[in-house]
1. Full extension from K55 to F270: what is 0.36 nm times the residue separation minus their Cα-Cα distance, to one decimal in nm?
2. If ligands, DNA and RNA are left out, what is the accessible area of T133 with a 1.4 Å probe, given in Å² to the nearest 10?
3. I need the per residue convex hull volume for the range 69-157, using only the alpha carbons, in cubic angstrom as a whole number.
4. Please work out whether the range 1-104 counts as rounded, prolate or oblate from its C-alpha gyration tensor, where a ≥ b ≥ c are the square roots of the eigenvalues and a/c under 1.5 means rounded, while otherwise a/b larger than b/c means prolate and anything else oblate?
5. On average, how much accessible surface per residue is there in the range 229-290, in Å², for a 1.4 Å probe, leaving out ligands, DNA and RNA?
6. With an 8 Å cut-off on Cα pairs and a minimum separation of 6 or more residues, tell me the relative contact order of the range 81-227 in percent.
7. Could you do me a favour and compute the accessible area per residue for the range 1-152, 1.4 Å probe, result in Å²?
8. Sequence gap at least 6, Cα distance under 8 Å: using those rules, report the relative contact order of the range 196-290 to the nearest whole percent.
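The values are calculated or read from the model by the stated rules, or taken from the named source; none is laboratory data. Note that the coordinates shown come from a computational prediction; the quantities given were computed from them, not determined experimentally. Here the Cβ positions follow ideal geometry from the backbone for every residue, glycine too, while neighbour counts run over all protein chains shown. The area values use the complete protein model at the heavy-atom level, side chains included, leaving out ligands, DNA and RNA. Shrake-Rupley method; radii C 1.70, N 1.55, O 1.52, S 1.80 Å.
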Amino acid sequence: MAGQFTELVNDLGYSKTFYPHSKVTTYLNGLASRIYLGIYLNKKEETSRIVRFWKTELPTVVRRYHKEILYSFIIFVLFALMAAFSAAHDETFVRGVLGDQYVDMTEDNIAKGDPFGVYKSDDQLSMFLRIATNNIQVSFLIFIAGFILSIGTLWQLFQNGVMVGAFQYYFFAKGLGLKSVLVIWIHGTLEISSIIIAGAAGLVLGNSILFPGTHRRLASLKRGGKDGVKLMIGLVPIFIMAAFLEGFITRYSRMPVWLSVSILAASLFFVIWYFVVYPIQLEKKRRTVS
């Protein structure tokens, strides 16, 4: 069938060139279409669509935009450091960022000997659902803000970076820096990493409008939007996992240090491996094969 298809396509090309309006051309085109469907319609895939997405498609997109991910990371860290510096020189800065209610509640928890009591303020399931929904909303807002020529995404990274910087400095100023890292970053590693990658997706979207290259601006936007959506879909399970850790695990603030470090290290290893190392390995493997 494949051999016949090749010969038929040659005939069809000849017919379209010299007899474009002939009924023979229409007939040959119909034959070619039916044989094509017969060959490819029921073609078996090596893996399912979902497995292929996570195994090759998403890592390929990630590798294509490693530069945007790096920019997003640098921008976020700079804003966080700026917030920490501001908090160190202005006592009112933390309250201005986090709000009086949150700071007063945390001060009260510290006085009670349970500085991370906020993570025990609600039942586990309700907390998980609320945090997962909020995380997904925040990440997609960062992405969609890229439509404003990347400026909206930069503003969202600024807001989140400042919040994280002020929040983390507050605990260091109270002498709870190491403890806060061991507790808060159990879920924060995945959560903040996902926010940074969502920022990269927003930059991809915005830059596709600003810098279309050799493509038409609309075509560039379609490509940037498609790749950005793929990045965001890839982040949804990670946000859900971060919400699970925050709702069910972080509340055990007195867990053994080795357990806390293990969870934190496993999360960090996954992020670095899947979003940095594996895409590079996949690209090198493809180059070797080709």
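1. 76.0 nm
2. The accessible area comes out at roughly 70 Å².
3. For the range 69-157, the hull spanned by Cα atoms encloses 132 Å³ per residue.
4. Values: a/c = 4.88, a/b = 3.72, b/c = 1.31.
Prolate shape, in that a/c is at least 1.5 and a/b is the bigger ratio.
5. I get 58 Å² per residue for this part.
6. RCO, the range 81-227: 28 percent.
7. 67 Å²
8. Relative contact order here is 21 percent.
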